[in-house]
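Rule-based calculations on the coordinates, nothing more; no lab input. Not measured: the values here are computed from a predicted model. For neighbour counting, all protein chains shown are included, and Cβ atoms are generated from backbone atoms with ideal geometry for every residue, glycine included.
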């Protein structure tokens, strides 16, 4: 990676962190505490290019799997739900300081309670946010 590429990559991560802070920062600090948010930011900013690419690919795989699961009528409590729950847990592990089952389930509740999350997951196929919530509640350990 050239210096210019490295600078672009670091800028991309900073932009993601700044956008996340602008949109969710105050709320996240209130719910999770400043230390947890700061640690998540640190993990993102320290992520290497290979891990960043894996994190993005995993995020895209989750959305694709959700859309297919909802379209096909898969049971979120079944094997596909377990697979998607595990993908999502792994995805969170890249940026979350404490990736517990309890925290995972709490986030799952936010996916249907907070219209911003619902709009993201239901952007192409309506029902993905609720399906993901059900899968996480059934399988988070």
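Label region 48-141 by shape, choosing from rounded, prolate and oblate, from the square roots a ≥ b ≥ c of the eigenvalues of the Cα gyration tensor; if a/c is under 1.5 it is rounded, and otherwise prolate applies when a/b is larger than b/c, oblate when it is not.
rounded
What value, in deg cm²/dmol to 500, does the helix sum -39500 (n - 2.57) over DSSP H runs of n ≥ 4 give at 222 nm once divided by the residues of the chain?
On the way: 8 runs with 109 residues, N = 141.
The helix-only estimate for the chain comes to -25000 deg cm²/dmol at 222 nm.
Size of region 16-74 along its principal axes in angstrom, Cα-based, largest extent first?
Taking max minus min along each principal axis of the Cα atoms, region 16-74 gives 40, 28, 17 Å.
Describe numerically, in nm with one decimal, the distance between label points set 7 Å from Cα along Cα→Cβ at residue 45 and at residue 5.
Going from the residue 45 label point to the residue 5 one covers 2.4 nm.
Would you mind classifying region 1-46 by shape? Square roots of the alpha carbon gyration tensor eigenvalues, ordered a ≥ b ≥ c; an a/c under 1.5 is rounded, otherwise it is prolate if a/b is larger than b/c and oblate if not.
On the way: a/c = 5.98, a/b = 2.35, b/c = 2.55.
Because a/c hits 1.5 or more and a/b fails to exceed b/c, region 1-46 counts as oblate.
Rounded, prolate or oblate: pick one for region 53-108, where a ≥ b ≥ c are the square roots of the eigenvalues of its C-alpha gyration tensor, a/c under 1.5 means rounded, and failing that, prolate if a/b is larger than b/c, else oblate.
Values: a/c = 2.71, a/b = 1.37, b/c = 1.98.
Because a/c hits 1.5 or more and a/b fails to exceed b/c, region 53-108 counts as oblate.
What is the spin-label model distance, in nm, from residue 22 to residue 64 if the labels are put 7 Å beyond Cα along the C-beta direction?
3.0 nm
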